[in-house]
Amino acid sequence: MSKNNCNPFAGGKVPPCSAFLGNTNPIIKDGQLIFTNDNRVFYFIRTTSNTSDSSNNSQLGTSNVQTNLQISLTTFLVGLYINEVQLGNISHSKKNTIHNDMAANDFINSTLENNPEVNVDYTPSLVIVVSNTNAILSIYTNTINITPLNYYILFILNRLENHPGLFFGNNAYATEDPINFSLAALALRFPFD
């Protein structure tokens, strides 16, 4: 899509009943009812508190804490790469270009080469979610447990990206990647009488 026509549904109107219910689907444009696709892909790094005995979770006074920090597709793919290296499925060489930003690439390579020991009292994971644009109810979630070192590398990459849309946790920010552009362009059209 050209920058001048980034919204193919511009000029459409929400029917009165849908507007009354707070629903943006469908819209009416050019004599058609258009049902847009509000699903997007979100990427997160997550921590879940460790509990020594899962049966204690139901007792009064116990708690389980989870944190979610949204990351970019690039950072997610770096996390998958690091996970595969740490599982021994692929071999790592400092000659590999893992990230387009050379400072970030050097940081990743040197950290993987030195392999510092990181001990934490929580379980880190890499999460991909397909959800509507409020990122609350997902139609698909995949959680991959990762090492604490992988988590810290991804956390630092997230901060180095300096992307204001990713400064907060579960913020429902749909990143500007090809997957989300394709999902945003999907729509069902029906003739409107």
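Just need the relative contact order of the chain here, percent rounded to a whole number, with Cα pairs under 8 Å and 6+ apart.
Values: 278 pairs, mean separation 59.9, N = 193.
So the answer I get is 31 percent.
Given labels modelled 7 Å from the Cα in the Cβ direction, how far is it in nm from ARG189 to ALA19?
The answer from the label model is 2.3 nm.
Along Cα→Cβ, 7 Å out, is where each label goes; now give me the distance between the ones at ASN132 and THR67 in nm to one decimal.
Rounded to a tenth, the inter-label distance reads 3.0 nm.
Using the Cα gyration tensor of the range 18-123, with a ≥ b ≥ c the square roots of its eigenvalues, what is the shape: rounded (a/c below 1.5), prolate (a/b larger than b/c) or oblate (neither)?
oblate
Could you put SER18, SER93 in order of accessible surface area, largest first, with the 1.4 Å probe and the full protein assembly present?
Values: SER18 15, SER93 45 Å².
The ordering from most to least exposed comes out as SER93, SER18.
Show that you can apply the helix-only estimate: for the chain, add -39,500 (n - 2.57) for every DSSP H stretch of four or more residues, divide by all residues, and state [θ] at 222 nm to the nearest 500.
Rounded to the nearest 500, the figure is -8500 deg cm²/dmol.
How high is the FRET efficiency between THR48 and THR141 when r is their beta carbon distance and R₀ equals 22 Å, given to the nearest 0.05? Mind showing how you got there, number by number?
Details: r = 13 Å, r/R0 = 0.61.
About 0.95, to the nearest 0.05.
The values are calculated or read from the model by the stated rules, or taken from the named source; none is laboratory data. Here the structure is a predicted model, which is why all the values come from computation and not from measurement. Cβ coordinates were reconstructed from backbone atoms using ideal geometry, including for glycine residues, and neighbour counts include every protein chain displayed. Surface areas here come from the heavy atoms of the whole protein model, side chains and all, with no ligands, DNA or RNA. Shrake-Rupley method; radii C 1.70, N 1.55, O 1.52, S 1.80 Å.
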